[in-house]
Every structure is written in C-alpha cells, then in structure tokens.
Amino acid sequence: MTLTACPKSMTFGPCGGVNEDSSCEVDPAPCVFLSRHLPVSWSEPATAATPNAATAAAKEVGRIMRRRPLVVTGFPVRAMTSCDVPRVADVLRGRADVVLSGDAGTSRTQFPPSYRAFLMAQAGVRVWMGVNARDRNRAALDREMLSLQEIGIAGIHCVTGDHTFTGDRPDARAVFDLESTTMLSRARSLGLLTSFAESPAAPPIEKRGARVREKQRAGGQMCWPQYCGDVSDVEAFIATCGDAGADVPVLPGVPLVVDREGAILLASFHAAKLPTGFISRLLNAKDVRAEGVRAAVEYGESLLTAAGVGGVVIAGGTRHGDELAYAADLATVAEALGGGS
C-alpha cells in the first residue's frame, strides 16, 4: 500500500534519505515508515528474467564476476555536455570493468538515461546506467528500460531518487510513480542485469539487511550500498543481509576525494558514513589529489578482502571543469584494484 504521507509516495520504504535523527530528507518530521512493521514484503513471486534476453555486455560482466571482483567507476561528465563523453570514455576504457552514469549531485536537468547510454556505448565503454523514479512515470520508465536493453547496456542501477526539493530544480514536480523495488521487477523481466542501492547507516539500521532481501526477491541482483564506514562496518552489513536471507553480491562504494568540492559533495549525501579519519587524512595532506588516490586504493584493497564483497564502486565528485583529470584518477584507482584485467 502506498503511503501518501511519504513525500515520494513509496510502498516499499523507507528510502535511503532518512537522517540520523529519523527525519525525512525533505521534512523535519520522522519518516512515516518508521512507525510501521518493516520491512515491507515483496508479495509477488520472485522475478525471473526473460529467456535469452541478456545483453552481450551483461554476459561479459558475468564472466568477470565468476573469476574476480567487479571494478566499477563513476563517469564524471558535465550535465548536458555530450562532447565530454568520448573524452572521459577514452580515459576509463580498459581500466574500469564497467562505468556507472547515475544522478549527478544536485543537477536535476540531465540527458535522458537512454541517450546517455547511447553516447557512452558509442564511445566504447561498458555502460551501467542509473535510472531514478523522480522524473518519469511508469510508462516513460518502461520506454527508457526498453531503450537501454536495445542499446545493449551491461546493467541498470534502479534507485528511487532524491526528491526534487533537494536539487537545483525545486520548481519541478516530483513524480515517483514507481520506486526502486518496483523498477527492479520491471527491469529484470526485460532481462536487464540489475543493481540497487541501500543505506546501511540510515534508520532503521537493523532492518536494512531485510530490505536487501526484499529487493532481491523483486529482481535485484547486486547491492551497491551507500558509503557505510570502515571495512568492519561493511562486513557487519553483509552479515546482516545474510542473516535476513539475502545472498546477492555486495559492491561497496570507494570514495575518491581529490579536492574541496568533492568533499562537500560527499558530505551532502544522505546517510553516507566515510571510513574513520578519511577526511582529516586529506585535509592534512600536502598533496590532496595524490593522497586521495592513495586513500581510495588502500580502502578498496581492504574491502576486497572482506567476505561477501563482489566488487567495488569507485566514485565521488570534483570541481566543475576538472572532470577529465578526475576520470584519470578514477582510472588509476580502478586499475590498482584489478579493473580491466
């Protein structure tokens, strides 16, 4: 049942935007789901893929994951700037296994996912496309997913999305006709390889593992959680997922910070918990860029030793105009962690 009191009209809440004090990301009142019995169960049969519908890129990802962890990076391009795509692709191609193009900070006006995916695929990278439910109704999302399947993306990252009130277009009406869980079911039925987010540090912390189980039942195949602290915190989250009955690979985030703007961006993420001493290490460094790369490599290497980790997602952000240099840093970290091999 949809909760109309939820600003995102969610059924399978809570989302990852619950603050530490239990308030909503766009309302000082407590998240309406926290007073309900959780998790909200996926009541339909587990979603199966359409036979023989997997794309060639998805099959390549499967082969990589059978022999080693998957190394994913972000894809740092300026919004609505198509000429950036081949330049960044040239830097990341062959060094990251897959590149993720998702929501871009607070920028709410983006090329549609299918057009971004087309540009990226034309540039020769394996595309993992983030799709949110904020801006489109289910008919429009169905068109996007069908287009992505036709383009041949490696996979789709299904997220509910931040509310429009949190970005640079608060004048835009938020849609939220679907949400992450219901998008996963539709994407999986098309044969797309699917991933989803979870926020281990957001209330109710003790129910987040069970939410992973329900998203898996709906059609989710990988969990890419929000930054959730030290390696021990990641291991604890994976154990919680296992105790709840979830067994999807978990690909934790590796934050790459090389400048002040990137640090500010990470600080804006709801329920993001960085490794102990991460920011102070960078603030005290003589060369923040070099230290940021070293910190990301060290943290990523530690994560890859943890049981249940199926790979890593290296991402973050940088100041406007520095995207190409930041892509090179992403590529350096990805290569150091085994990407492209």
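Selection of segment 1-34 for residues being surrounded by fewer than 17 Cβ atoms within 10 Å (Cβ to Cβ) and in a loop (DSSP other than H, G, I, E, B) yields MET1, THR2, THR4, ALA5, THR11, ASN19, GLU20, ASP21, SER22, VAL26. Looking only at segment 141-154, filter to residues that are of a type outside the set (D, E, K, R) and within 24 Å of ARG78 (Cβ to Cβ); which one of those is surrounded by the fewest Cβ atoms within 10 Å (Cβ to Cβ)? The residue in question is SER147. Please verify whether ARG319 is at pLDDT below 95, assigned to a loop (DSSP other than H, G, I, E, B) and basic (Lys, Arg), treating the condition exactly as stated. Yes, satisfied. Considering segment 241-264, the residues that are modelled with pLDDT under 95 and crowded, with 20+ Cβ neighbours inside 10 Å include one that is farthest from ALA202 (Cα to Cα), namely GLY262.
Here is a list: GLN122, GLN110. Which entry is within 21 Å of GLY317 (Cα to Cα) and without any contact (Cβ under 8 Å) to a residue 60 or more places away in the chain? Sole residue among the options that is within 21 Å of GLY317 (Cα to Cα) and without any contact (Cβ under 8 Å) to a residue 60 or more places away in the chain: GLN110. Test ALA46 against the criterion of being farther than 21 Å from GLY152 by Cα, outside any helix (DSSP H, G or I) and of a type in the set (Gly, Ala, Ser), and give yes or no. Yes: the conditions hold for ALA46. Restricting to segment 127-177, name every residue that is touching a residue at least 40 places away in the same chain (Cβ under 8 Å), β-branched (Val, Ile, Thr) and in contact with a helix residue (DSSP H, G or I) (Cβ under 9 Å, 6 or more places away or on another chain). VAL127, VAL131, ILE153, VAL159, THR160, VAL175, listed by residue number.
In this structure, THR332 does not qualify as assigned to a loop (DSSP other than H, G, I, E, B), within 25 Å of ALA79 (Cα to Cα), within 21 Å of the chain's Cα centre (by Cα) and β-branched (Val, Ile, Thr). Taking segment 143-193 as the range and being basic (Lys, Arg) and out of contact with any Ser or Thr (no Cβ under 6 Å at 6 or more places or on another chain) as the test, the residues that pass are ARG143, ARG169, ARG173, ARG186. Applying a threshold of 8 Å to beta carbon distances and a minimum spacing of six or more residues, or different chains, the list of pairs starting in segment 1-18 at a residue that is at positive phi and ending at one that is modelled with pLDDT of 90 or more and surrounded by 20 or more Cβ atoms within 10 Å (Cβ to Cβ) reads SER9/PHE176. Scanning segment 137-192 for residues that are of a type outside the set (Gly, Ala, Ser), touching a Pro at 6+ places or on another chain (Cβ under 9 Å) and under 21 Å from ASP27 (Cβ atoms) yields a count of 4. Considered as a group, the residues in segment 122-136 that are part of a loop (DSSP other than H, G, I, E, B) and among the small types (Gly, Ala, Ser) include one that is surrounded by the most Cβ atoms within 10 Å (Cβ to Cβ), and that residue is ALA133. Applying the criterion of being farther than 22 Å from ALA57 by Cα and either free of Cβ contacts under 8 Å to residues at least 60 places away in the same chain or in contact with a strand residue (DSSP E or B) (Cβ under 7 Å, 6 or more places away or on another chain) (or both) to the residues of segment 201-223, the residue that is surrounded by the fewest Cβ atoms within 10 Å (Cβ to Cβ) is GLU206. Pairs meeting the criteria (first residue in segment 61-72 and assigned to a helix (DSSP H, G or I), second residue of a type in the set (D, E, K, R), beta carbons under 8 Å, at least 6 apart or on different chains) are VAL61/ASP97; VAL61/ARG126; ILE64/ASP97.
Checked against the criterion of being over 20 Å from ALA334 (Cβ atoms), acidic (Asp, Glu) and buried (at least 19 other Cβ atoms within 10 Å of the Cβ), the candidates GLU198, GLU235 yield just one match: GLU198.
The set of residues in segment 194-243 being touching a Gly at 6+ places or on another chain (Cβ under 9 Å) and polar (S, T, N, Q) consists of THR194, SER195, SER199, GLN216, GLN221, GLN226, THR240.
Residue pairs whose Cβ atoms lie under 6 Å apart, separated by 6 or more positions or on different chains, with the first residue in segment 298-311 and surrounded by 15 or more Cβ atoms within 10 Å (Cβ to Cβ) and among the aliphatic types (A, V, I, L, M) and the second modelled with pLDDT of 95 or more and assigned to a loop (DSSP other than H, G, I, E, B), are LEU303/PRO252; LEU304/PRO69.
So, LEU92, is that one in contact with a Pro (Cβ under 8 Å, 6 or more places away or on another chain) and at pLDDT 95 or above or not? The answer is no for LEU92. Could you grab me the full set of residues in segment 240-277 that are among the hydrophobic types (A, V, I, L, M, F, W, C), without any contact (Cβ under 8 Å) to a residue 40 or more places away in the chain and out of contact with any helix residue (DSSP H, G or I) (no Cβ under 6 Å at 6 or more places or on another chain)? Answer for segment 240-277, where residues must be among the hydrophobic types (A, V, I, L, M, F, W, C), without any contact (Cβ under 8 Å) to a residue 40 or more places away in the chain and out of contact with any helix residue (DSSP H, G or I) (no Cβ under 6 Å at 6 or more places or on another chain): ALA263, ILE264, ALA267.
The values are calculated or read from the model by the stated rules, or taken from the named source; none is laboratory data. This is a predicted model, so every value here is computed, not measured. Here the Cβ is made from the backbone with ideal geometry for all residues, glycine too, and neighbour counts use every protein chain on show.
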